[in-house]
Amino acid sequence: MTSTLDSTQSPRRPVRRVVIAGGGTAGWMMAACLSKHLGKRLEIRLVESDEIGTVGVGEATIPTMLTFHQLLGLDERAFMAATQATIKLGIQFEGWRDIGQTYIHAFGSTGIDHWTAGFQHFWLKGRERGLASDYGDYCLELRAARENKFCHLPDDGIHYAYHLDATLYGAFLRKFSEGYGVQRIEGRIAEVMMQAPEGDIRALRLQDGSVIEGDLFVDCTGMRSVLLGQALGVGYQDWSHWLPCDSAIALQTASVREAVPYTRSIAHPWGWQWQIPLQHRVGNGVVFSSRYTDDETARAALLERIDGEVLTPHRVIRFKPGQREVAWKRNCVGVGLASGFLEPLESTSIHLIQRSAIRLMQMFPKDGIRDSDIAEYNAQMRHELEHIRDFIVLHYHLTDRTDSPMWRDMREMTVPASLRHRIELFRETGRVFRVPNELFTENSWIQVMLGQGVLPEQHHPSADLMSDRELAGFLGSIKTRVDQRVAQMPGHQAYLMRYAPAGALKTAVPA
Ligand code: FAD
């Protein structure tokens, strides 16, 4: 798959020609970002193969996507209409703590923090004194999700993300990127041509014999990782000792009810199942561990729990939970599945693509690629990823389930030291601290730890400074404000049909 064109290493040269290999969500997000912001300076070509196709899943997002779209200058209504998008206010976890137990991890914040102590301390004290209701009652997004409500609020007053059709999103970004000058080339990469055995990538040779030369290559070839993994030999760190799932089965069904504004994540004895409602259909799938079950059992469980007409044949997808040792090597940056995949719980993969795009923009070479940029990029990506990994492992580890070998093993596994510390700190003191550049907020950690059954042993002394009357007034006023706002919101489906019904608006293409 690789060959050498000449024996000398190329001197440092300015990056003018960018070649994006692969046109899935990663390829087109990279193309959109690079072309919008550096398109005037660069020649950007994207190679993709219709014959290979894309992974075709990846339909739940997190609120950071709004920032990415703002950076692109996308019109939200056009984007939502074009991708059949619905609103996501969080994830409902069903049966994760134990069979029959459900909680929602919602976006946004809960209650009001004091600088010494987060809201959870006041809630804990209120709970002890019989003055507080469910923790989620103090979170606008969570309450709106429970009642299937949504509308935009002034001053970004509600945090949300989207469920979207991955294929339509790719097509939407393709149109956008081509409007900014990206050239799409259809073809299968047959060979990665190197400058020298240990040198840079010089070109891609396609099956039809054409050669695409570049200065910088972005590997978005999915799990094949044709450039970063295969040609440059970057190894893969396997995290399956912490993340048990390595397989998925996906299929689409017809909608039989109004779309809810949250993703459903339903635990099974050997993995979990997702339900992602779009405007025109529902995305379904099971994610499971081949160590604990087989395809047929997983498929049967999936089919048992879906209720619309099945629209697509089911597809089995295999993956190895983990990451490439580095995402950027020499003149190649791996993005999306080409750089690794943890698993779909908490929908962080598209977010990581967007972080890669933003980071690459921030570290874009001026007069040639510098090792210090590569080192910084890799360190930042790794740092961010390890916190996300911990957050996902948390869901598996903190469980009361003992009904199957997988859950028993997950309870007993040795988790990363960084995660162990977080859990102990929360259990003993109720404290959570978000580290710099970490994706998940304190609120996310608290909601999931409470949801999975950890109740802190104590609260901060600041909460003791309030009398019962003051505390009841404080908690009550927050809850009343949330109740009032939710009561005024329209239903999610009704709002969608007014705001961005699918097919009603043209996609936004630059002039
Ligand atoms: P792909 O979609 O696989 O695209 C690879 C591209 O490379 C294709 O265009 C292909 O044609 C091309 N290609 C490959 N080899 C060659 C070659 N030799 N020559 C030419 N072209 C080639 N993420 C989320 O954020 N939210 C979710 O809810 C979510 N759910 C997921 C569920 C599952 C089961 C899985 C497996 C993943 C999920 N993800 C999710 C991850 C998400 O799907 C991916 O991050 C996203 O789709 C990006 O994929 P990609 O573009 O890297 O790869």
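Some observations on this one:
- Residue 65 fulfils the conditions (1) part of a helix (DSSP H, G or I); (2) touching a helix residue (DSSP H, G or I) at 6+ places or on another chain (Cβ under 6 Å) except for a single criterion, (2).
- From 472, 463, 502, residue being over 30 Å from residue 239 (Cα atoms), surrounded by 18 or more Cβ atoms within 10 Å (Cβ to Cβ) and out of contact with any Ser or Thr (no Cβ under 9 Å at 6 or more places or on another chain): 463
- Among the residues making up the range 206-222, those that are in contact (Cβ under 8 Å) with a residue 40 or more places away in the chain and in contact with a strand residue (DSSP E or B) (Cβ under 7 Å, 6 or more places away or on another chain) are 206, 212, 213, 214, 215, 216, 217, 218, 219, 220, 221.
- Flag for residue 92 being within 22 Å of residue 278 (Cβ to Cβ) and not in a loop (DSSP other than H, G, I, E, B): yes
- Some residue of the range 322-329 being free of Cβ contacts under 8 Å to residues at least 12 places away in the same chain, of a type in the set (D, E, K, R) and more than 8 Å from the ligand (Cβ to nearest atom): no
Condition check ((1) in a strand (DSSP E or B); (2) away from the ligand (no atom under 15 Å from the Cβ); (3) over 19 Å from the mean Cα position of the chain (by Cα)) across all residues:
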position: 230; (1), (2), (3): no, no, yes
position: 237; (1), (2), (3): yes, yes, yes
position: 240; (1), (2), (3): no, no, no
position: 245; (1), (2), (3): no, no, no
position: 248; (1), (2), (3): yes, no, no
position: 253; (1), (2), (3): yes, yes, yes
position: 256; (1), (2), (3): no, yes, yes
position: 259; (1), (2), (3): no, yes, yes
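- So residue 334, is it within 13 Å of the ligand (Cβ to nearest atom), farther than 17 Å from residue 163 by Cβ, crowded, with 22+ Cβ neighbours inside 10 Å and not hydrophobic (A, V, I, L, M, F, W, C): yes
- Top-ranked residue in the range 67-87 [being more than 19 Å from residue 357 (Cβ to Cβ) and buried (at least 21 other Cβ atoms within 10 Å of the Cβ); ranked as farthest from the ligand (Cβ to nearest atom)]: 81
- Leading residue by the ranking (farthest from the ligand (Cβ to nearest atom)) among those in the range 213-228 that are in a strand (DSSP E or B) and crowded, with 20+ Cβ neighbours inside 10 Å: 216
- Taking the listed residues 307, 373, the one that is away from the ligand (no atom under 11 Å from the Cβ), modelled with pLDDT of 95 or more and of a type in the set (Asp, Glu) is 373, with no other qualifying.
- Tally of residues being within 21 Å of residue 346 (Cα to Cα), among the aliphatic types (A, V, I, L, M) and near the ligand (Cβ under 6 Å from one of its atoms) across the range 42-66: 3
- Filtered residues of the range 164-183 (kept if crowded, with 17+ Cβ neighbours inside 10 Å and in a strand (DSSP E or B)): none
- Of the set (1) more than 20 Å from residue 65 (Cα to Cα); (2) buried (at least 21 other Cβ atoms within 10 Å of the Cβ); (3) touching a strand residue (DSSP E or B) at 6+ places or on another chain (Cβ under 9 Å), all apply to residue 118 but (3).
- Lone unmet requirement of (1) within 19 Å of residue 163 (Cα to Cα); (2) of a type in the set (Phe, Trp, Tyr); (3) away from the ligand (no atom under 16 Å from the Cβ) for residue 292: (1)
The values are calculated or read from the model by the stated rules, or taken from the named source; none is laboratory data. What you see is a predicted model; the values in this text were computed from it and never measured. Counting neighbours? That spans all protein chains shown, and the Cβs are built from the backbone with ideal geometry, glycine included.
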